[in-house]
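Okay, structure first, notes after.
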Amino acid sequence: SPAFYDIRAAVTREQSAPFVIEDARIRAPKNDEVLVKILATGMCHTDMIVRDQYYPVPLPAVLGHEGAGIVEAVGPQVQGLSVGDHVVLTYGYCSHCHQCSDGHAAYCDEFYPRNFQGSDVNGETALQDANGKPLHDHFFAQSSFASYALSLESNAVKVPADAPLELLGPLGCGIQTGAGAVINSLKVTPGSSFVSFGAGAVGLSAVLAARVAGATTIIAVDVVPSRLELALELGATHVINSLEEDAVARIKEITHGGTKFALESTGRPQVLRQGIDSLGLLGAIGVVGAPKLGTDASFDVNDVLLGGKTIRGIVEGDSNPKQFIPMLVELYQQGRFPFDKLVKFYDFEQINQAAADSEKGITLKPIVRIA
Ligand code: NAD
Ligand code: ZN
């Protein structure tokens, strides 16, 4: 097999610059690495905030972290994957720190370097541009806005060959985040109430999962009417446009005093405040929306104290991806987790249109077709 593969990659050269599709090269897999021929990659809001440098991933870089494709080549230490396997790429983790050993890989000691450092853990990149200059890569241990991507065996999740592979990439991040927050972290219970602050890709995945979990009051809060309409179609029992209504008062009315569970996915501190205020006694809110580093939010200390309220941060739905992603595929195949209703496909050349449509609220979850 060749030492390098010629690829096409969408490169982010400067802060907030459009993605530019360039010719590039990627090296062959070593050790426990897997080279994946990318079929399609979902676009998540996190790609945009990194393009805009809320998180300082070094540039120029190849982003993309919801890749789905077919194993093209494997390193000599790979044991559980073979050429031709269908895989969804998820976040990177070390597999041996305390949290990884304990089944909480999303809180890996090395989460930041393995996902946001712009290189492998040794500081080396696998990508070069057409002039032979290194491109920062290993974004979420994949950099999958490209025709080929290198991951590790640990973050390449095998999925059944009879599932629609081009649809599955978003299970690696945005969908897993919303669904896992509900199922793994908040542990939403049958008959309970759940409020999703934000009806974007993450928030609506949470709505779908709340239905799977058996919540009987499911409220979506957003400011975009089309998203609220879709929330109703996906199983929300109530929707609130928080530009038109006082969301906290309305939630307290619907839930007779406050919700048991909530999730904040807008990344706005004032919305997090609304979420905390709308919890009932012993209620819990998960925080997944990501503002700029250093952002503060406020809450009423006595309200949290006397209410026994829980506020908890959640990374990637606290999922064990090798178990959770195949479970979501199975639920999808049974018609119980119809996340395809969130998706719109774009050609690779339309990647900037995909980003713009997502930011304008026109498209919930763009998937860029690459192969
Ligand atoms: P998105 O843009 O599709 O969703 C955000 C939603 O918030 C939109 O529907 C928007 O209309 C809504 N919104 C904006 N202002 C609002 C307001 N004042 N009140 C109510 N709703 C409002 O983004 P997404 O892809 O769903 O991602 C959501 C967030 O989660 C992002 O910040 C992303 O970076 C983050 N994220 C975190 C993790 C994690 O592991 N914690 C993983 C994936 C994504
Ligand atoms: Zn993401």
Identify all residues within the stretch 214-240 that are open to solvent by less than 20 Å² (accessible area, probe 1.4 Å) and either within 16 Å of ligand 2 (Cβ to nearest atom) or over 23 Å from G42 (Cβ atoms) (or both); write none if there are none. A215, I218, I219, V221, I240
Just to be sure I understand the filter: pairs with C-beta atoms under 8 Å, separated by 6 or more residues or on different chains, first member in the stretch 220-235 and over 21 Å from F261 (Cβ atoms), second member within 10 Å of ligand 1 (Cβ to nearest atom). Which pairs pass? V223/N241; V223/S242; V223/L243; V224/A199; V224/G361; P225/N241; S226/G361
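Quick one: count up the residues across the stretch 342-361 that are free of Cβ contacts under 8 Å to residues at least 12 places away in the same chain and either hydroxyl-bearing (S, T, Y) or within 18 Å of R227 (Cα to Cα) (or both).
Kept after step one, since they are free of Cβ contacts under 8 Å to residues at least 12 places away in the same chain, are these residues of the stretch 342-361: 353, 356, 360.
Of the ones still in play, those that are also either hydroxyl-bearing (S, T, Y) or within 18 Å of R227 (Cα to Cα) (or both) are 356, 360.
So the answer is 2.
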Of residues in the stretch 168-187 being assigned to a helix (DSSP H, G or I) and open to solvent by 10 Å² or more (accessible area, probe 1.4 Å), the one nearest to ligand 2 (Cβ to nearest atom): T177
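Pick from E253, E245, E264: which is over 28 Å from I49 (Cα atoms), within 15 Å of ligand 1 (Cβ to nearest atom) and among the acidic types (D, E)?
Numbers: E253 fails: within 15 Å of ligand 1 (Cβ to nearest atom); E264 fails: over 28 Å from I49 (Cα atoms).
Being over 28 Å from I49 (Cα atoms), within 15 Å of ligand 1 (Cβ to nearest atom) and among the acidic types (D, E) holds for just one of E253, E245, E264, which is E245.
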Determine which single condition P321 fails, assuming it passes every other condition in (1) surrounded by fewer than 21 Cβ atoms within 10 Å (Cβ to Cβ); (2) under 28 Å from C94 (Cα atoms); (3) not hydrophobic (A, V, I, L, M, F, W, C). (1)
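Please verify whether L81 is outside any loop (DSSP other than H, G, I, E, B) and over 22 Å from A181 (Cβ atoms), treating the condition exactly as stated. Quick ask: steps written out before the conclusion?
Numbers: outside any loop (DSSP other than H, G, I, E, B): no; over 22 Å from A181 (Cβ atoms): yes.
The answer is no for L81.
Go through the residues of the stretch 292-310 one by one and say whether even a single one is in a strand (DSSP E or B), outside the structural domain of A141 (by TED's automatic domain parsing), open to solvent by 40 Å² or more (accessible area, probe 1.4 Å) and of a type in the set (V, I, T). Spell out the reasoning first.
Within the stretch 292-310, the first condition is being in a strand (DSSP E or B), and the residues that meet it are 310.
Applying the additional criterion that residues be outside the structural domain of A141 (by TED's automatic domain parsing) yields 310.
Then drop every residue that is not open to solvent by 40 Å² or more (accessible area, probe 1.4 Å), which leaves 310.
Next, from what is left, pick out any that are of a type in the set (V, I, T): 310.
For the stretch 292-310, residues in a strand (DSSP E or B), outside the structural domain of A141 (by TED's automatic domain parsing), open to solvent by 40 Å² or more (accessible area, probe 1.4 Å) and of a type in the set (V, I, T): present.
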Which one of these does V329 not meet: (1) assigned by TED's automatic domain parsing to the domain that holds A231; (2) modelled with pLDDT of 95 or more; (3) out of contact with any strand residue (DSSP E or B) (no Cβ under 6 Å at 6 or more places or on another chain)? (1)
Considering only the stretch 250-259, I want to know if a residue exists there that is open to solvent by less than 10 Å² (accessible area, probe 1.4 Å) and in a helix (DSSP H, G or I). yes
For the stretch 188-211: of the residues being within 16 Å of ligand 2 (Cβ to nearest atom) and open to solvent by 10 Å² or more (accessible area, probe 1.4 Å), which is nearest to H238 (Cα to Cα)? G200
Matching residues, the stretch 125-140, being closer than 15 Å to S151 by Cβ and more than 20 Å from the chain's Cα centre (by Cα): T125, A126, L127
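With G307, G289 as the choices, which residue is away from ligand 1 (no atom under 12 Å from the Cβ), out of contact with any helix residue (DSSP H, G or I) (no Cβ under 6 Å at 6 or more places or on another chain) and of a type in the set (G, A, S)? Break it down into steps so the answer makes sense when it comes.
Details: G289 fails: away from ligand 1 (no atom under 12 Å from the Cβ).
Among G307, G289, only G307 is away from ligand 1 (no atom under 12 Å from the Cβ), out of contact with any helix residue (DSSP H, G or I) (no Cβ under 6 Å at 6 or more places or on another chain) and of a type in the set (G, A, S).
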Return the residues of the stretch 265-291 that are away from ligand 2 (no atom under 16 Å from the Cβ) and in a strand (DSSP E or B); say none if nothing qualifies. L279, G280, L281, L282, G283, A284, I285
Looking only at the stretch 238-249, how many residues end up being in a strand (DSSP E or B) and either more than 12 Å from G198 (Cα to Cα) or among the basic types (K, R) (or both)? 1
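Select the strands (runs of 3 or more DSSP E) contained entirely in the stretch 1-67, then report the ones holding at least 3 residues which are of a type in the set (V, I, T) and surrounded by 16 or more Cβ atoms within 10 Å (Cβ to Cβ).
Details: elements: 4-12, 20-27, 33-42.
Answer list for the stretch 1-67: 4-12, 33-42.
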Selection count, the stretch 87-108, where residues are part of a loop (DSSP other than H, G, I, E, B) and among the polar types (S, T, N, Q): 2
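The values are calculated or read from the model by the stated rules, or taken from the named source; none is laboratory data. Bear in mind the structure is a predicted one, so any value in this text is a computation, not a measurement. Because the Cβ atoms are built from the backbone with ideal geometry, glycine has one as well, and the counts that use them run over all protein chains shown. Keep in mind that these areas ignore ligands, DNA and RNA; they rest on the heavy atoms of the full protein, side chains included. Shrake-Rupley method; radii C 1.70, N 1.55, O 1.52, S 1.80 Å.
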